[in-house]
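Remarks on the structure that follows.
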Amino acid sequence: MKHSSHSENNYSALSFVPDHQTMSDAPPINNYTFWNASGQIPYNMTNDYMFRAVLQSNNRVLRGLICSLLHLSEQKVISVEITNPIIKEFRLDINVNLNNRTLINLEMQMANKLNWRERSVMYLCRSFDHLSHGQNYSEAKSAIHIGFLDYTLFKERPEFYASYKLINVKNRQKYSDSLTLNVVDLSRIDLATEEDKKYHIHEWALLFKSTTWEEIKMLASKDEYLQEASETMFRMSADDLVRKRCRDREEYYQDLRNYERKIELDQIEHEQDILSYKQKIEQDRLEHEQDIRSYEQKIEQNRLEHEQDIRSYEQKIEQDRLEHEQDIRSYEQKIEQDRLEHEQDIRSYEQKIEQDRLEHEQAIAEKDALIQQLLAENEALKKQ
């Protein structure tokens, strides 16, 4: 992985003790030895520069750490070679060739990088992608990425030392041992299993996290590799250039934490703004819904009033129709009554006429009879 000269992972070369030289070969530092050291450690191995300095300067420490992490006996480790040693540029992740069969990438990461999973997978794949053109795939070396994190990667399932491989998610069948991702959570040493303790992984983690020489010496007394690492760290701590580079890293991480805190505060503020905006939207929505309900209620009220007006108008029309029909019936009854009375008058008049006619005819008949009588009497008189 390439880095520019301004990258956070690039530093000038250091003059470390060669790999073949152990701490017992190193000269004493102002007659101040590791075993009488006390007090605060300037920079422990969670500082990624100190981590790199210790492991590159002492191959035996690197060998011991890898044996613990991979559960290997020392006899199975033929060779451990750092393939990206410090020359002019300093990369803070370490590439290791184990027995010329396995490529290991080690990285100490204290900052909670949100892209760590993608980054570690990328590093792992780059380690595995090492074949030259024309090489057979069977010559590919397996690759292992080991990340030392000071935060929990999966908070819902915390684990001190986790190992991830390619498997079938249905039946758990392993696909290949070629790619492995290991994660050491330095913030959860309390979750170390019996197997982790058997291989002293938790003690390496405690060593990395130690802040005083008293803690370091207590751990150093338990294991020869831990002692080698402790003494190497003591010697590195006396190197002015190493301390400067460690201080630069501390300042970088402090700046990074300040920047992340600023981002976090900005994020909180942004989320608060979003929340306020959502609350405003929700309030506007509720007010809008209230306006709609009020408008719908007004419409419903108007509709009911309109329907009431219509019903009242229809009732008035019906009432007028009934009154009109009643008037018509009354008028028709009056007409019928008048007709009947008229017919009665006509019948009475006709009866009166008939009666008068009969009486007139009777009178005429009586007069005719009287005249006939008078004529008869007159005739009789004449005959006398």
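The values are calculated or read from the model by the stated rules, or taken from the named source; none is laboratory data. Given the structure is predicted, the values throughout are model-derived calculations rather than measurements. In this analysis, Cβ positions are derived from the backbone assuming ideal geometry, glycine residues included, and neighbour counts consider all displayed protein chains.
When the residues of the range 101-122 are filtered to those that are of a type in the set (A, V, I, L, M), in contact with a Leu (Cβ under 9 Å, 6 or more places away or on another chain) and assigned to a loop (DSSP other than H, G, I, E, B), which remaining residue is surrounded by the most Cβ atoms within 10 Å (Cβ to Cβ)? Checking each candidate, the answer is Met110. Being closer than 26 Å to Val61 by Cα and either surrounded by fewer than 12 Cβ atoms within 10 Å (Cβ to Cβ) or touching a Lys or Arg at 6+ places or on another chain (Cβ under 9 Å) (or both) is not true of Ser138.
Those residues that are outside any loop (DSSP other than H, G, I, E, B) and of a type in the set (A, V, I, L, M), I need them from the range 153-184; list them, please. Reasoning before the result, please.
Our first condition is that a residue be outside any loop (DSSP other than H, G, I, E, B); within the range 153-184, this holds for 161-167, 174-184.
Across the range 153-184, the qualifying residues are Ala162, Leu166, Ile167, Leu179, Leu181, Val183, Val184.
Against the numbered list (1) in contact with a strand residue (DSSP E or B) (Cβ under 8 Å, 6 or more places away or on another chain); (2) under 22 Å from Ala111 (Cα atoms); (3) hydrophobic (A, V, I, L, M, F, W, C); (4) surrounded by fewer than 21 Cβ atoms within 10 Å (Cβ to Cβ), Leu149 comes up short only at (4).
Which residue pairs have Cβ atoms closer than 8 Å, lie 6 or more positions apart in sequence or on different chains, and pair a first residue in the range 232-249 that is more than 19 Å from Leu207 (Cβ to Cβ) with a second residue that is surrounded by 23 or more Cβ atoms within 10 Å (Cβ to Cβ) and of a type outside the set (A, V, I, L, M, F, W, C)? These pairs meet every condition: Arg245/Tyr49; Asp248/Tyr49.
Restricting the range 220-263 to residues that are at pLDDT 90 or above and β-branched (Val, Ile, Thr) leaves a set whose member that is farthest from Asn36 (Cα to Cα) is Val242. Does any residue in the range 154-172 that is farther than 14 Å from Val184 by Cα and without any contact (Cβ under 8 Å) to a residue 12 or more places away in the chain come within less than 9 Å, Cβ to Cβ, of a residue that is outside any loop (DSSP other than H, G, I, E, B) and of a type in the set (Phe, Trp, Tyr) six or more places away or on a different chain, and which pairs are these? Once the first residue is farther than 14 Å from Val184 by Cα and without any contact (Cβ under 8 Å) to a residue 12 or more places away in the chain and sits in the range 154-172, its partners that are outside any loop (DSSP other than H, G, I, E, B) and of a type in the set (Phe, Trp, Tyr) give Ile167/Tyr175; Asn168/Tyr175.
With respect to being of a type in the set (Asp, Glu), more than 30 Å from Gln40 (Cβ to Cβ) and either assigned to a helix (DSSP H, G or I) or in contact with a His (Cβ under 6 Å, 6 or more places away or on another chain) (or both), Glu264 falls outside the description.
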